[in-house]
1. Just subtract the alpha-carbon distance of residue 435 and residue 312 from 0.36 nm times their residue separation and send over the number in nm, one decimal.
2. If packing is taken as the average count of other Cβ atoms within 10 Å, what order do 389-402, 298-311 fall into, highest mean first?
3. Where q = 0.10, 0.21, 0.24 Å⁻¹, what log10 of I(q)/I(0) comes from the Debye formula for segment 393-502, counting one point per Cα?
4. What does the accessible area per residue of the chain come to in Å², with a 1.4 Å probe and no ligands, DNA or RNA counted?
5. In the structure displayed, which of 185/322; 10/346; 22/185 lie more than 22 Å apart, Cα to Cα?
6. Using a 1.4 Å probe on the protein heavy atoms only, what accessible surface does residue 256 show? Give it in Å² to the nearest 10.
7. Quick one: divide the alpha-carbon radius of gyration of segment 200-353 by 2.2 N^0.38 Å and tell me what you get.
8. Going from most exposed to least, what order do 14, 199 have by accessible area with a 1.4 Å probe?
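The values are calculated or read from the model by the stated rules, or taken from the named source; none is laboratory data. Fair warning: this is a prediction, and the values are worked out from it, not measured in the lab. With ideal geometry, Cβ positions are generated from the backbone for all residues, glycine too; neighbour counts draw on all protein chains shown. Remember, those area values only see protein heavy atoms, side chains included, never the ligands or the DNA or RNA. Shrake-Rupley method; radii C 1.70, N 1.55, O 1.52, S 1.80 Å.
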Amino acid sequence: MSSPQPSESKTPRKYQLFIDGKWVDAESGKTFETPNPATGETLAEVAEADKADVDKAVVAARKAYEGKWGKMSARDRGRLLYKLSQLIEEHSQELAELETADNGKPIRESQYVDLPQVVENFEYFAGWATKIEGETIPVPGQMFNYTLREPLGVCGQIIPWNFPLLMAAWKLAPALAAGNTVVLKPAEQTPVGIMELGKLFQEAGFPDGVVNFLPGYGETAGAALAAHPGIDKIAFTGSTEVGKLIARAASDNLTKVSLELGGKAPNIIFADADIEQAVNGAMMGIYFNQGQVCCAGSRLFVAAEIKDQFLERLTEKSKNVKVGNPMDSGTHMGPQVSAEQLDRIKGYVDIARGEGATVLTGGEPPQLDEEFQKGYFFQPTIFGEVKNQMRVAQEEIFGPVVSAITFENEDDLLKQANETIYGLSAGIWTKDITRAHRFAKAIHAGTVWINTYNMFNAASPFGGFKQSGYGREMGRHALAMYTEVKSVWIDLSGKPIGWFGK
Ligand code: NAI
Ligand code: MG
């Protein structure tokens, strides 16, 4: 693996497709460029996969599944995954720098959040490989019934750009631990880290074809993968809009589907919360990763009696967030991932004003040095006077933009908090333990954080209620998404069945 180029070298890195253990050009010969979102300069030139490459990769993944990988012991699969986790850890500094160059996230996040969690996920699921077991079922009569948990086969995986390596880890680790093979398409905005990961899979000694990495666009490579009759499962993380397309494409072959989609999480500040802790929690909820987080606390519900005090403090602290060079270890927020995302956020500022909300701070790009003027930066932004029915309270913006809504009492709050098509996560800030648990139960969301936000662990399940998706990633629950259960019956009586006569 090579380190990221020094900033004075402007030669873009080059990547081919990773199919059947080999680095190959796309069948079409096409390539695309991926920019560094902080500067707008080209970071890498990448082979562009399309349907023909997807076909090739699915064949390779099937061959590996029916060959070496399928025959490998669970222990050896686990050992390979563990070895991979160690290789990632050894290379985590270079990978963190590349992730920041490709995505724009601040280096302290790549270094201390993304990469450690990538390592943790491969390590955690390495341990599971030998612990995927069936059950014996106490059926009546002279019968013995047991279950087998078998891999599904070839899994298609389509991932987004907000946590490129981590989203790959969430999907690859359980799929491989369970004995599947994979064809994965990274997001077109951020293929670099995943292609580097391909090199580490080779170095770890995974058999050819167990993982295949196909950078390319969603409408071409992604759509071809989702609709492919040769895959047994499609796993997707991204927009709810594309999630629906994936479910539709998969329905023709009744391919199994798991979806991790959008969110519009309520982050709830009760009047008895520790204000300083809750202000920091509100900031963690919305500014982390420039707000490009599916579980971002983008609807900030604040109790009416503390509203002024709370928003004043939040505004003051938001103004001190350091936006700029993501490679600088003191930076809190880097650029958004793309010009498209930046435009989308600016569009929502106009929508907010049009709907009658106020902009308490931010609302536009920051003034930065010459070097970063072509970057896709945006300031931490707070919308005040938001009503829960407004578009800025109902639609996923995916930026450092929070909509503050006030509530009068618990009933009013609960109704509003659950009034959304999404149900991915929620935050609650209070010192009242009874209220905290009452709300944790009443909120329709896959994850609830109490007096904390954005906590994750490889052992803890994550996924959505309602239109936030199907299934749970991480933890033992993820294995259910990558295995089939087979029920086996054996007659122990040794007698012929007498039902239709002797
Ligand atoms: P997207 O959903 O279009 O992209 C996510 C992945 O899906 C990428 O790999 C993309 O190439 C692929 N894809 C796109 N169209 C596809 C298709 N027709 N068939 C198969 N694969 C397809 O998200 P996009 O356009 O990058 O961002 C738009 C909005 O989506 C964001 O503003 C945000 O609201 C949401 N989003 C949510 C994410 C999450 O973690 N829940 C992650 C990324 C985006
Ligand atoms: Mg899209």
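1. Details: separation 123, 0.36 × 123 = 44.28 nm, distance 2.54 nm.
Using 0.36 nm per residue and subtracting the Cα-Cα distance, I get 41.7 nm.
2. On the way: 389-402: 22.3, 298-311: 20.6.
Packing order, densest peptide first, comes out as 389-402, 298-311.
3. Scattering profile of segment 393-502, log10 relative to I(0): -0.46, -1.29, -1.47.
4. On the way: 20960 Å² over 502 residues.
I get 42 Å² per residue for this part.
5. On the way: 185/322 33 Å; 10/346 30 Å; 22/185 16 Å.
Long pairs (Cα-Cα over 22 Å): 185/322; 10/346.
6. Roughly 90 Å² of residue 256 is accessible to a 1.4 Å probe.
7. Normalised Cα radius of gyration, segment 200-353: 1.39.
8. Working: 14 140, 199 70 Å².
Result, largest first: 14, 199.
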